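S.K.: The structure's right below; bear with me while I get my questions together.
The values are calculated or read from the model by the stated rules, or taken from the named source; none is laboratory data. Worth saying up front: this structure is predicted, and the values here are computed from it rather than measured. No Cβ is skipped: glycine too gets one built from the backbone with ideal geometry, and neighbour counts run over all protein chains shown.
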Amino acid sequence: MDRISALRNVEESLARFEAGECSLAELERDVRGVLRTYATDFDGELRAYEASGEALGTLTVLASSRDEARERVADLVEEPGNFAVESVE
């Protein structure tokens, strides 16, 4: 999914919400799905990695390697604690 498609899908979800055709929870689910699809379909040298741990829950980052993904998570979360990083496919 390219950036324009992602933005259009988010706009469609917002329009459905504004028209009363979906709940806030449905809107959040739709937008999260669009963003996750965009991130996992991202072309280039970056891949999506999902970090999970007790202190941070689940966090998806784009990185060129698992080690870089761990660094990005550590930069984003003040005290991430122990966490695992897996490639999203």
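S.K.: So which of Leu27, Leu56, Leu35 ends up being surrounded by 15 or more Cβ atoms within 10 Å (Cβ to Cβ), modelled with pLDDT under 95 and out of contact with any strand residue (DSSP E or B) (no Cβ under 9 Å at 6 or more places or on another chain)?
M.R.: Exactly one of Leu27, Leu56, Leu35 is surrounded by 15 or more Cβ atoms within 10 Å (Cβ to Cβ), modelled with pLDDT under 95 and out of contact with any strand residue (DSSP E or B) (no Cβ under 9 Å at 6 or more places or on another chain), namely Leu56.
S.K.: Right, something else. Looking only at segment 38-89, which residues are among the basic types (Lys, Arg) and either assigned to a strand (DSSP E or B) or in contact with a Ser or Thr (Cβ under 6 Å, 6 or more places away or on another chain) (or both)?
M.R.: Residue satisfying the conditions is Arg47 alone.
S.K.: Is it the case, given these coordinates, that Ala69 is touching a residue at least 40 places away in the same chain (Cβ under 8 Å) and of a type in the set (A, V, I, L, M)?
M.R.: no
S.K.: Give segment 61-89 a look and list any residue that's touching a helix residue (DSSP H, G or I) at 6+ places or on another chain (Cβ under 6 Å), crowded, with 16+ Cβ neighbours inside 10 Å and within 24 Å of Arg3 (Cα to Cα), or say none.
M.R.: Matches in segment 61-89: Val61, Ala63.
S.K.: Looking for something modelled with pLDDT of 90 or more, part of a loop (DSSP other than H, G, I, E, B) and not assigned by TED's automatic domain parsing to the domain that holds Ala74 - is there at least one such residue anywhere in segment 1-19?
M.R.: Yes; the residues of segment 1-19 include at least one that is modelled with pLDDT of 90 or more, part of a loop (DSSP other than H, G, I, E, B) and not assigned by TED's automatic domain parsing to the domain that holds Ala74.
S.K.: Identify the residue in segment 38-53 that is more than 23 Å from Ser13 (Cβ to Cβ) and touching a helix residue (DSSP H, G or I) at 6+ places or on another chain (Cβ under 7 Å) and, among all such residues, is modelled with the lowest pLDDT. Spell out the reasoning first.
M.R.: So the first thing to find is which residues in segment 38-53 are more than 23 Å from Ser13 (Cβ to Cβ), and the list is 43-47, 49, 51-53.
Okay, now just the ones that are also touching a helix residue (DSSP H, G or I) at 6+ places or on another chain (Cβ under 7 Å), so 49, 51.
On the way: Tyr49: 90, Ala51: 93.
Checking each candidate, the answer is Tyr49.
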